[in-house]
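Shown next, in structure tokens, is the structure this report addresses.
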Amino acid sequence: MNFILMLTENDKTVPNCLQVLDEVLPLGLTHIGFKDIGVEPAVLQELTNRIKASGARCYLEVVSEDFQTALDSARQAVALGIDCLLGGSEIGATYEIIEESGMAYYPFAGKPVGHPTKLAGSPGEVAEHCHALTAWGVAGVDLLAYRAVDADPLELIHAARAALPYQELIVAGSRESPDRLAAVKDAGADAFTMGTALFQAKFAPNTPGFLSQVEKVLNCLEQI
């Protein structure tokens with residue numbers, strides 16, 4: 001299971017994202033991302049450049065709910081040179097923007113609402129949505145399982161996994177313990193994102209410092 005480090009807190013890219021990136025790059029992370037809000041576009045471009053120069057895959061997750069703003073975020077992803085676009089729900093319109101970029105697309109599964117984003121929908125509805133998304137040829141889906149308001153997170157992951165025979169399943173939301181991380185893997189996730197839990201030292205409460213939190217996640221992955 002891949003660890004996608006998000007340089008974000010409360011659904012926003014952290015203001016000191018460039019400094020944080022420099023601190024974690026020596027760990028050899030291969031999947032790093034951020035949100036489409038929180039810092040100026042010039043900072044996002046520098047962030048993208050540094051991530052890609054390190055050899056890591058670069059992710060941008062769309063936070064915007066508004067139709068036009070979400071499409072603007074897709075255009076920004078293309079301009080930045082992002083490798084993977086996460087989130088959003090306007091599949092056809094998004095593909096029209098990104099189709100020539102070679103970017104992998106992982107739209108939200110279920111019904112994302114609000115900011116910070118929550119996930120509405122039952123396991124059956126999520127499975128149905130995932131099945132429909134496969135017809136678009138998406139690389140996978142972005143599932144906000146641990147922000148669910150209508151269902152058990154693990155039931156949502158199992159349902160999504162069953163509906164995605166070949167596509168990747170990325171689980172996003174709050175995973176604040178090694179046990180929860182192991183459960184996500186066992187349920188069938190291919191990758192997970194984590195940001196806020198690290199900046200707020202929730203993953204390993206007795207381990208101060210962002211860098212130490214990231215190291216704890218990497219150690220955990222070696223054991224599960």
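The values are calculated or read from the model by the stated rules, or taken from the named source; none is laboratory data. Being a predicted model, the structure only gives us computed values, none of them experimental. Cβ atoms come from the backbone with ideal geometry, glycine included; neighbour counts cover every protein chain shown. Just the protein is used for accessible areas: all its heavy atoms, side chains included, with ligands, DNA and RNA removed. Shrake-Rupley method; radii C 1.70, N 1.55, O 1.52, S 1.80 Å.
Pop out the carbon and sulfur fraction of the accessible area of the chain as a percent, whole number, probe 1.4 Å.
C and S fraction of accessible area: 48 percent.
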| task | For the stretch 179-217, run through the trypsin sites (Lys or Arg not before Pro) and keep only the ones in DSSP coil with at most 13 other Cβ atoms within 10 Å of their Cβ. | result | none
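Calculate the FRET efficiency for residue 182 and residue 52 from the Cβ-Cβ distance with a Förster distance of 45 Å, rounded to the nearest 0.05. All intermediate terms of the calculation are to be shown ahead of the outcome.
On the way: r = 31 Å, r/R0 = 0.68.
The pair residue 182/residue 52 has a calculated efficiency of 0.90.
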| remark: Under a 1.4 Å probe, counting only protein heavy atoms, residue 184 has an accessible area in Å², nearest 10, of 0
| message | Helix-only estimate, please: 222 nm mean residue ellipticity of the chain, summing -39500 (n - 2.57) across DSSP H runs of length 4 or more and dividing by its residues, to the nearest 500. | response | -12500 deg cm²/dmol
| query | If 126, 39 are ordered by their accessible area, calculated over protein heavy atoms with a 1.4 Å probe, which sequence runs from highest to lowest? | reply | 39, 126
| Zone residues, the stretch 62-96, relative to residue 132, backbone N less than 13 Å from point 7 Å out along Cα-to-Cβ | 89-92
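Of 52/202; 35/118; 118/202; 185/216; 52/216; 118/216, which ones are farther than 21 Å apart at the Cα?
52/202; 52/216; 118/216
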| request: Considering the convex hull of the alpha carbon atoms of the stretch 136-224, report its projected area averaged over all viewing directions, in nm², one decimal. | output: 6.2
| message | So, taking all protein chains as they sit and a 1.4 Å probe, how much accessible area belongs to residue 73, in Å² rounded to tens? | response | 10
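Per residue, how large is the accessible surface of the chain? Use a 1.4 angstrom probe and give square angstrom.
Per-residue value: 43 Å².
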